[in-house]
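Each remark here refers to the structure printed beneath this line.
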Amino acid sequence: YSAKSSRVGQRIYSAGDDSNDEARLRTLHELRIALAENQLVLHYQPKVDLPRDSVPGVEALVRWNHPTRGLLFPNEFLEVAEHGGLMRTLTRVVLELALDQAVLWQDQGRVLTVAVNLSSRSLLDYQLVNVVTRMLADRELPGSALMLEVTEEFLLVDRDRARNVLLRLRAAGVLIAVDDFGTGYSSLAYLRDLPIDELKLDQSFVIPMLDDDRASALVASSINLGHSLDLRIVAEGVETAEVLDQLVRFGCDVAQGYYLSRPVPAAELERWLDDRAAAGLVAAGIE
Ligand code: C2E
Ligand code: MG
Ligand code: MG
Ligand code: MG
């Protein structure tokens, strides 16, 4: 990039990129250690069933408990993992953590489906379905204890391949959600013959939906079209009571967002669930 870096403005970028590369290399190196030394942890965010007010499941979101930098969020290391060839390992670590937690919750008598995010690339891993089914079998968990959140991108890259992977997961009882729906290029018609259980409307439409007519129309029409395909519709990014009310009016099935709960460690989620159950009993006049 010599020609470019001879331009003054570019030289600044180029210098920035060099130190950036260094930081990325360091992050990659540290991430290898993190994966080996169990520094990754999962936080869990509840999904609330709107008509019933119950909590059928939670989404597991990865965090890195970095020894010096503190708690790091996915945007600070997922890309490095992807480009550095660590995504396959990271995905397996996350699946193990999530399913171990699912066993603990099952033992506590909590019926919760744990949703795990998959990068497009981990879905191209031919071993993935076998790995997932073995992890479930090792723990004697039913497939329905696990939901996998996939992106539209994955469904678009190689439709036949995607369909095949999803059908094999479906055969194992695993549930499938399409994440960040509305941000990609797929249409609902395209999703029609794929074995999908849940459509997650992206937060970029949900957050502004009360002020932005187009966002609102997109949410409403996705809910209606999704229902016509028998999909459960989840709204991500529910930050206010007003948005929640509007989603209920639109007939949305499930809500997830800061208004209900931020993603939190397992113990905190358990307290949240118990407090909610207790409040429900009080409201019903049972306690
Ligand atoms: P996502 O799967 O779409 O997850 C939703 C993101 O929105 C999460 O960010 C969550 O903390 C955040 N969020 C939840 N409620 C609200 C809200 O009301 N308002 C706003 N503004 N944001 C909300 P997070 O945890 O930083 O994760 C970001 C992305 O990183 C995820 O987006 C997912 O694509 C990816 N990711 C997270 N964990 C994993 C993982 O274990 N594996 C892979 N491959 N990707 C992951
Ligand atoms: Mg997700
Ligand atoms: Mg999402
Ligand atoms: Mg998102």
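Within region 39-61, being in contact with a strand residue (DSSP E or B) (Cβ under 9 Å, 6 or more places away or on another chain) and free of Cβ contacts under 8 Å to residues at least 40 places away in the same chain holds for GLN39, SER54.
Of all residues in region 194-240, exactly one satisfies the criterion of being touching a Ser or Thr at 6+ places or on another chain (Cβ under 6 Å) and away from ligand 2 (no atom under 14 Å from the Cβ), namely MET209.
Scanning region 208-223 turns up no residue that is acidic (Asp, Glu) and closer than 30 Å to ASP275 by Cα.
Could you grab me the full set of residues in region 184-193 that are touching a residue at least 40 places away in the same chain (Cβ under 8 Å) and within 14 Å of ligand 2 (Cβ to nearest atom)? Those that are touching a residue at least 40 places away in the same chain (Cβ under 8 Å) and within 14 Å of ligand 2 (Cβ to nearest atom): none in region 184-193.
Candidates are the residues of region 201-216 that are aliphatic (A, V, I, L, M) and in contact (Cβ under 8 Å) with a residue 24 or more places away in the chain; the one that is farthest from ligand 3 (Cβ to nearest atom) is LEU210. Identification of helices (runs of 4 or more DSSP H) wholly contained in region 172-274 with 3 or more residues that are at pLDDT below 95 and out of contact with any strand residue (DSSP E or B) (no Cβ under 7 Å at 6 or more places or on another chain) yields 188-191, 213-228.
Residue-wise test of (1) surrounded by 20 or more Cβ atoms within 10 Å (Cβ to Cβ); (2) more than 15 Å from ligand 4 (Cβ to nearest atom).
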site	(1), (2)
GLU152	yes, no
LEU155	yes, yes
ARG168	no, yes
LEU188	no, yes
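Conditions (1) in contact with an Asp or Glu (Cβ under 7 Å, 6 or more places away or on another chain); (2) over 25 Å from SER144 (Cα atoms), marked per residue:
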site: SER187; (1), (2): no, yes
site: LEU210; (1), (2): yes, yes
site: ILE233; (1), (2): yes, no
site: GLU239; (1), (2): no, yes
site: ASP274; (1), (2): no, no
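Only residues that are of a type in the set (Gly, Ala, Ser) and over 21 Å from the mean Cα position of the chain (by Cα) were counted in region 224-277, giving 4.
The values are calculated or read from the model by the stated rules, or taken from the named source; none is laboratory data. What you see is a predicted model; the values in this text were computed from it and never measured. All Cβ positions, glycine included, derive from the backbone under ideal geometry; neighbour counts span all protein chains shown.
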